Amino acid sequence: MSENLTRGHRSAGTRLARAKTMPPWSLLAAGAVLGGLLGGAYGVVKTPTYTATSYVIAVPTDKGDPSAALGFAQAYGRVATQLAVLGDAQVWAGVPVKTLQADVRTATSPDAPMVAVSATSSRPDRAADMANAVTRSLTQHANDSQKDTHVQLLSFSRAVKPASASSASATVTGLVGASAGGLLGGLVLLVRPRRSTDAAGPASVPSPAIAADVHGAL
(Lines give C-alpha, C1' and ligand atoms only; values in the text may rest on other atoms or scores of the structure.)
Protein backbone atom coordinates (compact mmCIF):
# COMPACT_ATOMS: atom_id res chain seq x y z
CA MET A 1 0.00 0.00 0.00
CA SER A 2 2.75 2.40 0.99
CA GLU A 3 4.69 1.53 -2.16
CA ASN A 4 1.69 2.39 -4.33
CA LEU A 5 1.27 5.74 -2.57
CA THR A 6 4.96 6.45 -2.98
CA ARG A 7 4.81 5.61 -6.67
CA GLY A 8 1.73 7.80 -7.07
CA HIS A 9 3.47 10.74 -5.43
CA ARG A 10 6.52 10.20 -7.59
CA SER A 11 4.47 10.04 -10.83
CA ALA A 12 2.53 13.16 -9.84
CA GLY A 13 5.76 14.95 -9.08
CA THR A 14 7.21 13.80 -12.40
CA ARG A 15 4.19 15.11 -14.33
CA LEU A 16 4.38 18.41 -12.45
CA ALA A 17 8.05 18.73 -13.24
CA ARG A 18 7.40 18.01 -16.90
CA ALA A 19 4.62 20.61 -16.97
CA LYS A 20 6.99 23.19 -15.53
CA THR A 21 9.58 22.43 -18.18
CA MET A 22 7.11 22.75 -21.08
CA PRO A 23 7.91 25.62 -23.46
CA PRO A 24 5.89 28.83 -23.00
CA TRP A 25 4.33 28.62 -26.47
CA SER A 26 2.58 25.39 -25.46
CA LEU A 27 -0.04 27.49 -23.63
CA LEU A 28 -0.79 29.38 -26.82
CA ALA A 29 -1.07 26.17 -28.82
CA ALA A 30 -3.27 24.46 -26.24
CA GLY A 31 -5.56 27.48 -25.98
CA ALA A 32 -5.89 27.77 -29.76
CA VAL A 33 -6.65 24.05 -30.19
CA LEU A 34 -9.20 23.98 -27.37
CA GLY A 35 -10.87 27.19 -28.56
CA GLY A 36 -11.04 25.89 -32.12
CA LEU A 37 -12.68 22.65 -31.00
CA LEU A 38 -15.26 24.46 -28.88
CA GLY A 39 -15.99 27.02 -31.59
CA GLY A 40 -16.38 24.35 -34.24
CA ALA A 41 -18.69 22.32 -32.02
CA TYR A 42 -20.82 25.41 -31.39
CA GLY A 43 -21.11 26.03 -35.13
CA VAL A 44 -22.25 22.45 -35.70
CA VAL A 45 -24.80 22.38 -32.86
CA LYS A 46 -26.23 25.88 -33.37
CA THR A 47 -29.35 26.07 -35.52
CA PRO A 48 -28.59 27.90 -38.80
CA THR A 49 -30.51 31.09 -39.61
CA TYR A 50 -31.56 32.45 -43.00
CA THR A 51 -32.08 36.05 -44.08
CA ALA A 52 -34.31 37.24 -46.93
CA THR A 53 -34.55 40.85 -48.14
CA SER A 54 -37.18 42.67 -50.16
CA TYR A 55 -37.03 46.23 -51.51
CA VAL A 56 -39.57 48.99 -52.05
CA ILE A 57 -38.97 52.31 -53.76
CA ALA A 58 -40.61 55.69 -53.26
CA VAL A 59 -41.45 57.58 -56.46
CA PRO A 60 -43.06 61.02 -56.76
CA THR A 61 -46.42 61.43 -58.44
CA ASP A 62 -47.17 64.07 -61.06
CA LYS A 63 -47.41 66.74 -58.37
CA GLY A 64 -44.56 65.35 -56.29
CA ASP A 65 -40.95 66.40 -55.86
CA PRO A 66 -38.08 63.89 -56.30
CA SER A 67 -36.36 65.24 -53.21
CA ALA A 68 -39.54 64.68 -51.20
CA ALA A 69 -39.56 61.04 -52.28
CA LEU A 70 -36.12 60.58 -50.74
CA GLY A 71 -37.29 62.06 -47.45
CA PHE A 72 -40.42 59.92 -47.36
CA ALA A 73 -38.34 56.81 -48.04
CA GLN A 74 -36.35 57.56 -44.89
CA ALA A 75 -39.60 57.97 -42.96
CA TYR A 76 -41.10 54.76 -44.33
CA GLY A 77 -37.98 52.90 -43.28
CA ARG A 78 -38.58 53.97 -39.70
CA VAL A 79 -42.29 53.14 -39.59
CA ALA A 80 -41.93 49.74 -41.30
CA THR A 81 -41.31 48.02 -37.96
CA GLN A 82 -44.05 49.86 -36.10
CA LEU A 83 -47.08 48.03 -34.72
CA ALA A 84 -49.47 49.60 -37.25
CA VAL A 85 -47.58 48.01 -40.14
CA LEU A 86 -46.66 44.75 -38.45
CA GLY A 87 -50.22 44.20 -37.26
CA ASP A 88 -51.36 43.64 -40.85
CA ALA A 89 -48.16 41.86 -41.87
CA GLN A 90 -48.58 39.13 -39.26
CA VAL A 91 -51.63 37.78 -41.09
CA TRP A 92 -49.76 37.32 -44.38
CA ALA A 93 -46.56 36.09 -42.73
CA GLY A 94 -48.32 33.59 -40.47
CA VAL A 95 -46.26 34.60 -37.41
CA PRO A 96 -47.10 36.74 -34.36
CA VAL A 97 -46.19 40.42 -34.14
CA LYS A 98 -43.51 39.72 -31.52
CA THR A 99 -41.67 37.53 -34.01
CA LEU A 100 -41.76 40.26 -36.64
CA GLN A 101 -40.56 42.85 -34.13
CA ALA A 102 -37.63 40.65 -33.14
CA ASP A 103 -36.58 39.33 -36.56
CA VAL A 104 -37.35 42.11 -39.08
CA ARG A 105 -34.95 44.99 -39.78
CA THR A 106 -35.04 47.86 -42.26
CA ALA A 107 -32.35 49.92 -43.96
CA THR A 108 -32.45 53.06 -46.08
CA SER A 109 -29.97 54.92 -48.24
CA PRO A 110 -29.21 58.66 -48.08
CA ASP A 111 -28.79 58.71 -51.86
CA ALA A 112 -31.68 56.57 -53.15
CA PRO A 113 -35.39 56.58 -52.18
CA MET A 114 -35.37 52.88 -51.40
CA VAL A 115 -36.21 50.82 -48.32
CA ALA A 116 -34.74 47.36 -47.69
CA VAL A 117 -36.71 45.04 -45.43
CA SER A 118 -34.75 42.02 -44.10
CA ALA A 119 -36.24 39.12 -42.14
CA THR A 120 -34.34 36.36 -40.35
CA SER A 121 -35.66 32.93 -39.48
CA SER A 122 -34.53 29.35 -38.98
CA ARG A 123 -36.63 28.46 -42.06
CA PRO A 124 -35.68 30.03 -45.39
CA ASP A 125 -39.25 30.08 -46.73
CA ARG A 126 -40.53 31.79 -43.60
CA ALA A 127 -37.81 34.44 -43.82
CA ALA A 128 -38.97 35.31 -47.35
CA ASP A 129 -42.64 35.33 -46.32
CA MET A 130 -41.94 37.67 -43.42
CA ALA A 131 -39.99 40.16 -45.55
CA ASN A 132 -42.63 40.19 -48.29
CA ALA A 133 -45.46 40.54 -45.78
CA VAL A 134 -43.91 43.60 -44.16
CA THR A 135 -43.21 45.31 -47.48
CA ARG A 136 -46.76 44.57 -48.63
CA SER A 137 -48.25 46.08 -45.50
CA LEU A 138 -45.89 49.06 -45.65
CA THR A 139 -46.82 49.73 -49.29
CA GLN A 140 -50.52 49.71 -48.50
CA HIS A 141 -50.15 52.06 -45.54
CA ALA A 142 -47.95 54.46 -47.52
CA ASN A 143 -50.24 54.56 -50.55
CA ASP A 144 -53.31 55.23 -48.41
CA SER A 145 -51.91 58.73 -47.88
CA GLN A 146 -50.60 59.14 -51.43
CA LYS A 147 -52.91 62.07 -52.19
CA ASP A 148 -51.42 64.02 -49.30
CA THR A 149 -47.76 63.06 -49.65
CA HIS A 150 -47.64 63.00 -53.48
CA VAL A 151 -45.32 60.01 -53.13
CA GLN A 152 -46.11 56.48 -54.16
CA LEU A 153 -44.43 53.40 -52.69
CA LEU A 154 -43.84 50.57 -55.16
CA SER A 155 -42.42 47.08 -54.85
CA PHE A 156 -38.93 47.04 -56.37
CA SER A 157 -37.81 43.47 -55.60
CA ARG A 158 -39.56 40.68 -53.76
CA ALA A 159 -37.71 38.52 -51.27
CA VAL A 160 -36.86 35.01 -52.44
CA LYS A 161 -36.11 31.96 -50.35
CA PRO A 162 -32.39 32.09 -49.47
CA ALA A 163 -30.32 29.17 -50.66
CA SER A 164 -27.68 29.38 -47.94
CA ALA A 165 -27.64 30.28 -44.27
CA SER A 166 -26.64 33.76 -43.18
CA SER A 167 -25.31 32.57 -39.83
CA ALA A 168 -21.64 31.74 -39.37
CA SER A 169 -20.53 28.26 -40.45
CA ALA A 170 -18.68 25.78 -38.25
CA THR A 171 -15.42 26.74 -39.96
CA VAL A 172 -15.85 30.41 -39.12
CA THR A 173 -16.85 29.74 -35.50
CA GLY A 174 -13.90 27.35 -35.19
CA LEU A 175 -11.48 30.03 -36.40
CA VAL A 176 -12.99 32.58 -34.02
CA GLY A 177 -12.74 30.10 -31.15
CA ALA A 178 -9.10 29.32 -32.01
CA SER A 179 -8.26 33.03 -32.03
CA ALA A 180 -9.99 33.58 -28.70
CA GLY A 181 -8.30 30.51 -27.18
CA GLY A 182 -4.88 31.63 -28.38
CA LEU A 183 -5.47 35.11 -26.96
CA LEU A 184 -6.54 33.65 -23.61
CA GLY A 185 -3.44 31.43 -23.57
CA GLY A 186 -1.27 34.47 -24.25
CA LEU A 187 -2.88 36.35 -21.36
CA VAL A 188 -2.25 33.42 -19.01
CA LEU A 189 1.33 33.32 -20.22
CA LEU A 190 1.77 37.00 -19.40
CA VAL A 191 0.28 36.92 -15.91
CA ARG A 192 1.76 33.63 -14.69
CA PRO A 193 4.63 33.92 -12.16
CA ARG A 194 8.09 33.72 -13.72
CA ARG A 195 10.49 30.97 -12.66
CA SER A 196 13.58 32.11 -10.83
CA THR A 197 16.72 31.78 -12.96
CA ASP A 198 18.98 31.70 -9.88
CA ALA A 199 17.70 28.67 -8.01
CA ALA A 200 20.91 28.12 -6.01
CA GLY A 201 20.75 31.57 -4.38
CA PRO A 202 23.59 34.10 -3.98
CA ALA A 203 27.14 32.77 -3.49
CA SER A 204 28.43 32.95 0.08
CA VAL A 205 31.39 35.23 0.79
CA PRO A 206 33.72 34.37 3.70
CA SER A 207 33.76 36.84 6.54
CA PRO A 208 36.86 39.02 7.00
CA ALA A 209 37.94 37.12 10.13
CA ILE A 210 37.85 33.72 8.41
CA ALA A 211 39.71 35.15 5.42
CA ALA A 212 42.45 36.51 7.74
CA ASP A 213 42.86 33.14 9.48
CA VAL A 214 43.24 31.41 6.17
CA HIS A 215 45.87 33.96 5.07
CA GLY A 216 47.81 33.48 8.37
CA ALA A 217 47.76 29.70 7.98
CA LEU A 218 49.28 30.04 4.56
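A compact table of results
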{"quantity": "Per residue accessible area of region 42-116, 1.4 Å probe, in Å²", "calculated": "56"}
{"quantity": "Förster-model FRET efficiency, 41 Å R0, residue 102 and residue 62, C-beta, rounded to 0.05", "calculated": "0.55"}
{"quantity": "Virtual paramagnetic centre 7 Å along Cα→Cβ of residue 109, amide N under 16 Å, in region 48-72", "calculated": "53-60, 67, 69-72"}
{"quantity": "Rounded percent of accessible protein surface that carbon and sulfur make up, region 74-162, 1.4 Å probe", "calculated": "50"}
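The values are calculated or read from the model by the stated rules, or taken from the named source; none is laboratory data. All of these numbers come straight from a predicted model, not from anything done at the bench. For neighbour counting, all protein chains shown are included, and Cβ atoms are generated from backbone atoms with ideal geometry for every residue, glycine included. Protein only, heavy atoms only, side chains kept; ligands, DNA and RNA dropped before computing areas. Shrake-Rupley method; radii C 1.70, N 1.55, O 1.52, S 1.80 Å.
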